[in-house]
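Quick notes on the structure that follows.
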Amino acid sequence: MKPIRNFDELTAHLKTLNRRKKIAVVCANDPNTEYAIARALEEGIAEFIMIGDSNILEKYPTLKQYPDYVKTIHIENSDEAARAAVQLVREGGADVLMKGIINTDNLLRAILDKETGLLPPGKVLTHLSVARIPAYNKLLFFSDAAVIPRPTLQQRIEIIWYAIHTCRHFGIEQPRIALIHFSEKVSAKFQNSLDYVNLVELAEAGEFGDVIIDGPLDVRAACEQAGADIKGIVSPINGQADVLIFPNIESGNTFYKSVSLFAQAEMAGLLQGPDCPVVLPSRSDSGLSKYYSMAMACLTSK
């Protein structure tokens, strides 16, 4: 499989698979979610179970054009809708879970319920984003911009594994993973830089399989060889990072917002760790971003 280098190629690849993934959407009561669903129906990559107020079909006539691929479960209470969606996934009735206009905390409460939720014991809940930045020659994955404030070493190991598995779905056989810091120097003042030393040693010992991991690196050195050359940095990443692992949620989230606003990057993202991909967009995300996240979920679901 050739690496998928942009979102158009992602859609094209999904269409060649000729199968629709089942997506359970909780409280799809906003126009951007409706756009994403309509686009996925038109592209033929998904079918939907809409859980919430069933009057949504009357509000969104586009969805009525696909009666064979859109079903509704009428539940007006958002918490009950979230629990019903999670149960549907647990019972094998859906491949992907997606957040509509429901509050994120309410949906996460259902996902994280220790008895009836979707996060297996011992698994780490985190978020992986992917951006198509006009100035970069391929998709760029990065984590964590939304869930873990300051990852521990063990959490960073799990984050890297999630990124590796996702890259493989995108046809990237040897992901280049850059461990991001403001400097290439290791310092006891910054625990993340010490963790990076351990992660590089694990990678060199073959713990992560066929992957290149290096750091600490700044974003420029990770993504631009000329920037690394100017600073005299020699790295096997060679300015061609596939994945950026950020030290904390502040830096990851700032990067997410900055490249989407100032670089006009196209964005997608998923929760990692639960039994199925979870599309958890921000309420401010565009319909296109929600569609790309949905497509990413369809590609990575079992």
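Nothing in this text is a laboratory measurement; each read-out follows from the coordinates by a stated rule. What you see is a predicted model; the values in this text were computed from it and never measured. Glycine gets a Cβ as well: all are built from the backbone with ideal geometry, and neighbour counts include every protein chain shown.
For segment 126-262, what percent of Cα pairs sit more than 28 Å apart?
Working: 689 of 9316 pairs.
Counting every Cα pair in segment 126-262, those more than 28 Å apart make up 7 percent.
Considering only GLY122, ILE111, ALA297, whose Cα is most displaced toward the positive end of the charge dipole of the chain, charges sitting on Cβ of Lys, Arg (+1) and Asp, Glu (-1)?
ALA297
Once all Cα-Cα distances of the chain are split into 10 Å bins that start at 0, what whole-number percent is in each one?
That works out to 6, 28, 34, 21, 8, 2, 0, in percent per bin.
With the dipole of segment 126-262 worked out from charges on the C-beta (+1 for Lys and Arg, -1 for Asp and Glu) around the Cα centre, which of ALA228, PRO149, ILE212 lies farthest toward the positive end?
Result: PRO149, furthest along the dipole toward the positive end.
With charges only on Cβ, +1 for K and R and -1 for D and E, what is the dipole size of segment 159-302 about its Cα centre, in debye, rounded to 20? Mind dumping the intermediate values first?
Working: 10 positive and 16 negative charges, 97 e Å.
That gives a dipole near 460 debye.
For segment 195-235, give the magnitude of the charge dipole about the Cα centre (Cβ charges: +1 Lys/Arg, -1 Asp/Glu; no others), in debye to the nearest 20. Display every interim value, and only then the final one.
On the way: 2 positive and 9 negative charges, 44 e Å.
Its charge dipole is roughly 220 debye.
Taking the beta-carbon count within 10 Å as an exposure proxy, list VAL130, VAL259, VAL234, VAL243 from fewest neighbours to most.
Details: VAL130 27, VAL259 23, VAL234 8, VAL243 30.
With the fewest neighbours first, VAL130, VAL259, VAL234, VAL243 line up as VAL234, VAL259, VAL130, VAL243.
Please report, in debye to the nearest 20, how large the charge dipole of the chain is about its Cα centre when each Lys and Arg carries +1 at its beta carbon and each Asp and Glu carries -1 there.
Values: 31 positive and 36 negative charges, 51 e Å.
Taking the Cα centre of the chain as origin, the dipole is about 240 debye.
Is the shape of segment 11-72 rounded, prolate or oblate, going by the alpha carbon gyration tensor and its root eigenvalues a ≥ b ≥ c, with a/c under 1.5 for rounded and a/b larger than b/c for prolate?
Prolate, since a/c reaches 1.5 and a/b exceeds b/c.
Taking every DSSP beta bridge that has both residues in the chain, what percent is antiparallel when rounded to the nearest 5? Don't skip to the answer; put the middle values down first.
On the way: 11 of 38 bridges.
Taking every DSSP beta bridge with both residues in the chain, the antiparallel ones total about 30 percent.
Starting from the Cα gyration tensor of segment 178-257, take the square roots of the eigenvalues, sort them a ≥ b ≥ c, and report rounded, prolate or oblate (rounded when a/c is under 1.5, otherwise prolate if a/b is larger than b/c, else oblate). Write out the running numbers ahead of the final one.
Details: a/c = 1.32, a/b = 1.06, b/c = 1.24.
Because its axes are fairly even, with a/c under 1.5, segment 178-257 counts as rounded.
For the residues VAL219, VAL96, what sequence is obtained by ranking on other C-beta atoms within 10 Å, fewest first?
Numbers: VAL219 20, VAL96 24.
Lowest to highest Cβ neighbour count: VAL219, VAL96.
Please give the contour-minus-distance gain from LYS64 to GLN264: 0.36 nm per residue of separation, less the Cα-Cα distance, rounded to one decimal in nm. Kindly include the intermediate steps, with their values, before the conclusion.
Numbers: separation 200, 0.36 × 200 = 72.00 nm, distance 3.26 nm.
Residue separation times 0.36 nm, minus the Cα-Cα distance, leaves 68.7 nm.
Per 5 Å bin, what percent of the C-alpha pairs of segment 215-287 does each bin hold, from zero upward?
Calculated P(r), rounded to whole percents: 3, 13, 18, 21, 19, 13, 7, 4, 1.
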